[in-house]
Amino acid sequence: MSQQTLETIVPRPGATPARRTTFGYVTSDHPTLDTVQNGISAFCATVSGAAIVAITTLTVLEVFTRTVFSAPLGWNVGFVEQYLMMAVAFFGTVTAYRSGAHVAVVTIFEKMPETVRKVLLLLAYLVILTGLVLLVYSGARAAHFSFITEEMPPPGMAELPWPTWWWKTIIPVASSLGIVVVAIDLYRELTAPRTRVVTDYEPGTTPEEG
């Protein structure tokens, strides 16, 4: 029989010692900023989690009313698409960013010098902020146009007779919260020494022989 050494893939600590929590990380250098970021992340997680529960509930209720009473809800489709799925996508993205839940391949990143990793992180934050600012701008314009034109679903439609600008504000609101979270990371990197990465909490995994 061949002797083989088993390996286990385990998380590798990042450049900055940090304690992982449900909604983000806690560090010793900026606990107040951690509280702000994790608080926003927790709020976004609550909103997106409630939306997922609502989607599940409405789906079960729709099946029940359609099967038992032959009377589908009708309005639930538009409500799920316009309100609930939007909330899951955009508020959930903020929590996923802060808690490190996004998929990332960091093999090359980990092998680079710390100064190079710092530059790459700064560029990444700038790109993310640019995208979020554009989302806030375009989303706010769309919501404002719907508000001033009093846009609503036409009478007789299956959708709920609610002003359209209500659901169109989801994107700029969630993106604004995302801007705060990412801007704090950018600030922490910019104010830290040029040779030190301070927001690289958990960059990847490493094999551990067992």
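The values are calculated or read from the model by the stated rules, or taken from the named source; none is laboratory data. The structure displayed is predicted, hence computed values, not measured ones. Backbone-built Cβ (ideal geometry, glycine too); neighbour counts: all protein chains shown. SASA here: full protein model, heavy atoms, side chains in, ligands and nucleic acids out. Shrake-Rupley method; radii C 1.70, N 1.55, O 1.52, S 1.80 Å.
Where only protein heavy atoms count, and the probe is 1.4 Å, what is the accessible area per residue for the range 38-79 in Å²? Intermediate values should be presented prior to the final figure.
Values: 2360 Å² over 42 residues.
Using a 1.4 Å probe on heavy atoms only, each residue of the range 38-79 averages 56 Å².
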Practice task
For the range 110-210, report the accessible area per residue in Å² (1.4 Å probe, heavy atoms, rounded to an integer).
Solution key: 60 Å²
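So how strong a dipole does the chain carry about its Cα centre when Lys and Arg Cβ are +1 and Asp and Glu Cβ are -1, to the nearest 20 debye? Display every interim value, and only then the final one.
Details: 13 positive and 16 negative charges, 66 e Å.
Here the chain has a charge dipole of around 320 debye.
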Fill in the blank from the handout: At the level of C-alpha centres, the distance separating the range 115-192 and the range 33-73, in angstrom, is 21 Å
Problem - Derived scalar couplings ³J(HN,Hα) [the range 148-164; Karplus, 6.51 cos²θ - 1.76 cosθ + 1.60; whole Hz; x for Gly, Pro] - result: 6, 8, 6, 5, 8, x, x, x, x, 6, 6, 6, 5, x, 9, x, 5
Exercise for the section: Using only Cα atoms, tell me the angle between helix 85-98 and the longest principal axis of the chain; keep it within 0 to 90° and round to the nearest 10. Expected result: 20 degrees
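Calculate the tail of P(r) for the chain: the fraction of all Cα-Cα distances greater than 21 Å, expressed in %.
Details: 14070 of 21945 pairs.
In whole percent, the long-distance tail amounts to 64.
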Completion exercise
Mean-square fluctuation maximum in Gaussian network of the chain, Cα pairs under 10 Å, restricted to F43, F147, F90, hits F147
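Relative contact order of the chain: what whole-number percent is it, with Cα pairs under 8 angstrom and at least 6 residues apart?
Numbers: 268 pairs, mean separation 75.7, N = 210.
Relative contact order, the chain: 36 percent.
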Completion exercise
Out of T35, A50, P161 - ranked by how far each Cα lies towards the positive end of the dipole of the chain, with unit charges on the beta-carbon of charged residues - the top one is T35
Problem - Top positive-direction residue, dipole computed over the range 89-210 with Cβ charges, set A192, A124, Y97 - result: A192
Exercise for the section: Could you work out the per residue convex hull volume over the alpha carbons of the range 11-126, in cubic angstrom? Expected result: 136 Å³
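Looking at the chain, identify the longest residue range that excludes and avoids all trypsin sites (Lys or Arg not before Pro) in DSSP loops having at most 14 other Cβ atoms within 10 Å. Display every interim value, and only then the final one.
Details: sites that count: R194, R196.
Free of exposed loop sites, the longest segment is 1-193.
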Problem - In nm, spacing of pseudo-spin labels at T65 and E150 (7 Å Cα→C-beta vector) - result: 2.8 nm
Problem - the range 22-122 - charge dipole about Cα centre, Lys and Arg +1 at Cβ, Asp and Glu -1, debye rounded to 20 - result: 120 debye
Completion exercise
Karplus-derived 3J(HN,Hα) from phi for the range 109-114 (6.51 cos²θ - 1.76 cosθ + 1.60, θ = phi - 60°), whole Hz, x at Gly and Pro, runs 4, 5, 8, 7, x, 4
Handout entry: Spin-label model distance (nm) - V36 vs E81, 7 Å beyond Cα toward Cβ
Key = 3.9 nm
Completion exercise
The percentage of the accessible area of the chain (probe 1.4 Å, all protein chains present) made up of carbon and sulfur atoms, to the nearest whole number, is 68 percent
